[in-house]
1. Within a 10 angstrom radius of each residue's Cβ in A:45-58, how many Cβ atoms of other chains show up on average? Whole number is fine.
2. Which value in nm describes the separation of the simple spin-label points at B:Glu60 and B:Glu127, placed 7 Å from the Cα toward the beta carbon?
3. Give the Debye-formula value of log10 I(q)/I(0) at each listed q (0.17, 0.20, 0.24 Å⁻¹), with one equal scatterer per alpha carbon of the range A:13-123, two decimals each.
4. How big is the B/A interface in buried accessible area, both sides summed, 1.4 Å probe, to the nearest 100 Å²?
5. Ignoring everything except DSSP H segments at least 4 long, calculate the 222 nm mean residue ellipticity for chain A; use -39,500 (n - 2.57) per segment, divide by total residues, nearest 500.
6. Under a cut-off of 28 Å between alpha-carbon atoms, report the lysines in cross-link reach of A:Lys88, not counting same-chain residues fewer than 8 places apart.
7. Checking the a/c ratio against 1.5 first, then a/b against b/c, what shape does the Cα gyration tensor give for the range B:71-152?
8. On the protein heavy atoms, probe 1.4 angstrom, tell me the percent of accessible surface of the range A:56-140 carried by carbon and sulfur.
There are 2 protein chains.
Amino acid sequence: MKLEQAIQSNKFKNETQKAALNVLYTAWWLKTSMSKGLKEFGLTHEQYNVLRILKGKYPEQICVRDIACRMIEKNSNVPRIVDRLEIKKLVKRTTSQFDKRETVITLTQSGILLLEASTKSIDQNMETLSVLNETESAQLNKLLEKMRSLEE
Amino acid sequence: MKLEQAIQSNKFKNETQKAALNVLYTAWWLKTSMSKGLKEFGLTHEQYNVLRILKGKYPEQICVRDIACRMIEKNSNVPRIVDRLEIKKLVKRTTSQFDKRETVITLTQSGILLLEASTKSIDQNMETLSVLNETESAQLNKLLEKMRSLEE
DNA sequence: AACTAATACATGTATATACATATAAATTAA
DNA sequence: TTAATTTATATGTATATACATGTATTAGTT
């Protein structure tokens with residue numbers, strides 16, 4: 001769907017302004033698609049993101065700060081997301097032996113199982129959705145990274 | 001900044017998967033940049049979006065449903081965003097004469113003034129941030145719209 | 001006309017973002 | 001070694017998203 005239809009507007013100053021809105025809208029669309037798939041596993045998009053980060057290091061442990069700096073949305077309140085994962089017994093919190101300020105998070109067995117099942121479903125979903133080939137995707141990555149080149 | 005640095009990971013299955021994450025991260029980055037600029041006006045990103053939609057039709061009135069379908073994030077809770085704009089006296093709520101179920105929203109004079117000031121600041125900010133030229137932006141728009149082509 | 005269904009909005013709840021502040025532990029400075 | 005500073009996490013508050021439910025009004029059906 002063209003952006004014009006999606007947000008019922010065609011008053012863009014130029015292609016650059018439209019591109020910014022298009023990125024925002026596409027991100028919303030992607031998140032929504034993912035969330036739909038995650039629903040049957042009782043996970044939110046963000047909880048899934050945290051589980052994936054933990055999996056990436058498993059069986060190595062990882063502290064809250066390290067999770068935070070790997071999150072896509074940098075202002076995520078990781079302790080609170082971990083709260084919910086802990087209630088569902090998908091992760092375990094422990095105080096680090098080496099630095100008692102640090103809280104170390106570990107995936108539980110059921111966390112691993114749920115992540116595997118949901119990842120399979122999500123990846124399949126993404127596979128179906130992805131109409132861009134590798135060359136186009138690479139081009140998109142290049143443009144997005146150029147767009148962000150003034151990032152501090 | 002490369003996505004790899006931003007989220008401290010280089011374990012992407014392929015360029016297509018990376019592109020999805022890159023869109024999500026870029027959207028977060030854009031929102032954050034915009035929000036910083038809006039802060040001095042006491043507006044959130046979403047409140048600003050609603051004000052812009054109202055401006056787009058001004059002086060014509062527009063109901064809550066029409067605002068909602070023009071929002072970038074389609075699940076926005078428009079009545080609640082309007083609540084906050086109303087408290088700040090930036091908009092006015094009236095029940096439609098033609099259909100008493102509809103709530104019609106109008107910009108107040110101070111809403112218009114605030115929007116003008118903030119738009120000027122935001123546009124200037126965006127101008128500075130935009131390193132993509134028109135051709136590149138058009139290419140980006142094309143890729144994003146292709147990415148979403150399976151949209152229902 | 002009375003009943004049913006649909007629509008528009010408001011409101012409630014859970015979770016998240018964004019940011020400020022509090023608390024405990026570790027590091028550095030005096 | 002004590003005091004000050006920094007760091008890691010938790011917690012509080014306002015606003016937002018996501019979705020369910022409630023309520024009033026309109027439209028449609030019998």
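The values are calculated or read from the model by the stated rules, or taken from the named source; none is laboratory data. Keep in mind that what you see is a predicted model, and the values were worked out from it rather than measured. Counting neighbours? That spans all protein chains shown, and the Cβs are built from the backbone with ideal geometry, glycine included. Keep in mind that these areas ignore ligands, DNA and RNA; they rest on the heavy atoms of the full protein, side chains included. Shrake-Rupley method; radii C 1.70, N 1.55, O 1.52, S 1.80 Å.
1. Working: counts 1, 0, 0, 0, 3, 0, 0, 2, 3, 0, 1, 3, 0, 0.
Whole-number average of other-chain Cβ neighbours for A:45-58 is 1.
2. Using points 7 Å along Cα→Cβ, the separation is 2.9 nm.
3. Values returned for q = 0.17, 0.20, 0.24 Å⁻¹ are -0.82, -1.05, -1.38.
4. Details: alone 11310 and 11290 Å², together 16270 Å².
Heavy-atom accessible area buried at this interface is about 6300 Å².
5. On the way: 7 runs with 92 residues, N = 152.
Rounded to the nearest 500, it is -19000 deg cm²/dmol.
6. In chain and number order, the partners are A:Lys31, A:Lys36, A:Lys39, A:Lys55, A:Lys57, A:Lys74, A:Lys100, A:Lys120, B:Lys11.
7. On the way: a/c = 3.33, a/b = 1.51, b/c = 2.21.
Note, shape of the range B:71-152 comes out oblate.
8. Details: 2620 of 5090 Å².
Heavy-atom surface of the range A:56-140 belonging to carbon and sulfur, 1.4 Å probe: 52 percent.
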